[in-house]
Amino acid sequence: MTIALTKDVLQDDVAVSLARVMAAANKRAKELGIDIPQSLITIHQVMADGLFWHINYGPKDYIGRRGGDLMIEVDGNDASIKRVLHGQ
């Protein structure tokens, strides 16, 4: 899917940074066998020794299920993967 981004979106530092972070996390998730379109994705920001984003990939049909999530921690400054955690 190709979407042309408007000038105001490209000037939004948080939006551009988050897009880079999501692209890096999605790439790693795919490498680890995650079906991204079938995942419920949550994201939150952490300010601990810098700006980090935690991206969590879990099943969309999570009711009655436990564990199995994948959490990827990505540096908000350079979109490098810092940590990958697998749920039990």
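Just so it is clear, none of the values below were taken in a lab; they were calculated from the coordinates. The shown structure was predicted, so the numbers you read here are calculated from the model rather than taken from an experiment. Neighbour counts are summed over all protein chains in view; Cβ atoms, including those assigned to glycine, are modelled from backbone coordinates with ideal geometry.
For the range 34-45, the Karplus equation 6.51 cos²θ - 1.76 cosθ + 1.60, evaluated at θ = phi - 60°, returns couplings of 7, 8, 4, x, 9, 9, 8, 9, 10, 9, 9, 9 Hz by residue, with Gly and Pro reported as x.
Using the alpha carbons alone, the radius of gyration of the chain stands to its Kirkwood radius in an Rg to Rh ratio of 1.00.
Before rounding to the nearest 500, sum -39500 (n - 2.57) across all DSSP H runs of length at least 4 in the chain and divide by the residue total; then give [θ] at 222 nm in deg cm²/dmol.
Value at 222 nm, helices only: -8000 deg cm²/dmol.
Amide hydrogen proximity for residue 76: with H placed 1.01 Å from N in the peptide plane, the residues at 5 or more positions away or on another chain lying under 5 Å are 51, 52, 53.
GNM on the chain, alpha-carbon springs under 10 angstrom: the most fluctuating residue among 50, 68, 76 is 50.
Within a straight-line Cα-Cα reach of under 24 Å, residue 27 can be paired with the following lysines, leaving aside sequence neighbours fewer than 8 residues apart in one chain: 60, 82. The simple Förster model, with R0 at 35 Å and r as the Cβ-Cβ distance, assigns residue 10 and residue 48 a FRET efficiency of 0.80.
Would you work out which of 70, 33, 16 lies farthest towards the positive end of the dipole of the chain, given +1 charges on the beta-carbon of Lys and Arg and -1 on that of Asp and Glu, about the Cα centre? Positive-most Cα among the choices belongs to 33. Compared with the dominant Cα axis of the chain, that is its longest principal axis, helix 13-31 is turned about 40°.
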